[in-house]
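No lab work stands behind these numbers, since they all come straight from the coordinates. Note that the structure is predicted; figures quoted are calculated from it, not measured. Counting neighbours? That spans all protein chains shown, and the Cβs are built from the backbone with ideal geometry, glycine included.
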Amino acid sequence: MRLRLPQERPAAPPTGYKIAYPVLSHDGTRAGFTGVSLGGGSPYGVLDDARCAYGRRHRSPARFCDCGFHCLHSPAEALGLTCTGAHRRAVLLEVTVLGAYIRYERGLRYARQRVRTVRVGPCGCGRTAIRLSDAGWGRPGWWTAAADCGGCGAGLGRPSVTFAEFAERAGSVTVVTEPGVRDAAPASVTELMAEAALLQARLDWFQGRLARVEGWGN
């Protein structure tokens, strides 16, 4: 006797949440995403079909394989995955689940998806991001992009794109930014005093070096 999984026929496609890394092709003409675990080596588009990460010739999601797209039911639970050091620069995707899927307690494994919304967190410095810049790593033919406030990556000479440019190259996706913690409130008196002390220390060091140079010239 062959066991069958219960079938669902929802009135509308389910919605799920996952984290991923934005990527751009080496020539800058295409944009997409890569997963953070299984299948992370294969970029996918805004609308794409899952393929078995093990190269097997079956449709995803296969019952006796763990291939296919994966998502969680809760955006808060998906965001919780970004607490780990390896995933802190990932973005949150809101996806529409299409085609066949297998339901689990926390999420779904499924055959086809459409990425609806990309939520980009703050820059690594804590300020609100205004663009996506080369994160410094990638995969053959693709470079990974990460949130950038516009100042942190400016002096590194790395390529960058605005959110509008990324959305255009990815194809019909909405990019939303999350406010940065350093933008939410002005610096405290203690922080300003610490910065002033640091500036004074650097000025004293510079004046000392200048005095030595002048002394050598006499």
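Structure notes:
- Taking other Cβ atoms within 10 Å as a rough exposure proxy, Arg209, Arg57 sort from fewest to most as Arg57, Arg209.
- Three principal axis lengths of the chain [C-alpha, angstrom, descending]: 98, 38, 30
- Restricting region 62-134 to trypsin sites (Lys or Arg not before Pro) that sit in a DSSP loop and have at most 13 other Cβ atoms within 10 Å of their own Cβ leaves Arg63, Arg88, Arg106.
- Distance in nm between pseudo-label sites at Arg103 and His73 (7 Å out along the Cβ direction from Cα): 0.8 nm
- Folded to 0 to 90 degrees: helix 189-217 orientation relative to the chain principal axis, Cα: 50 degrees
- Spin-label model, Ala196/Ser37: points 7 Å from Cα along the beta carbon direction are separated by 5.1 nm.
- For the chain, calculated [θ]222 nm from helices alone, where every DSSP H run of n ≥ 4 adds -39500 (n - 2.57): -6500 deg cm²/dmol
- The chain: most fluctuating residue of Asp66, Asp204, Asp148 per GNM, C-alpha cutoff 10 Å: Asp204
- Taking chymotrypsin sites (Phe, Trp or Tyr not before Pro) across region 1-108, the ones in a DSSP loop with at most 10 further Cβ atoms lying within 10 angstrom of their Cβ are Phe64.
- Residue exposure sequence - Cys83, Cys149 - by fewest surrounding Cβ within 10 Å: Cys83, Cys149
- Pairs of C-alpha atoms in region 38-153 farther apart than 24 Å represent 33 percent of all such pairs.
- Residue (of Ala62, Leu38, Ala50) at the positive-pole extreme of region 1-110, dipole from beta-carbon charges: Ala62
- With the simple model of a label 7 Å out from the Cα in the direction of the Cβ, Ala164 to Arg139 spans 3.0 nm.
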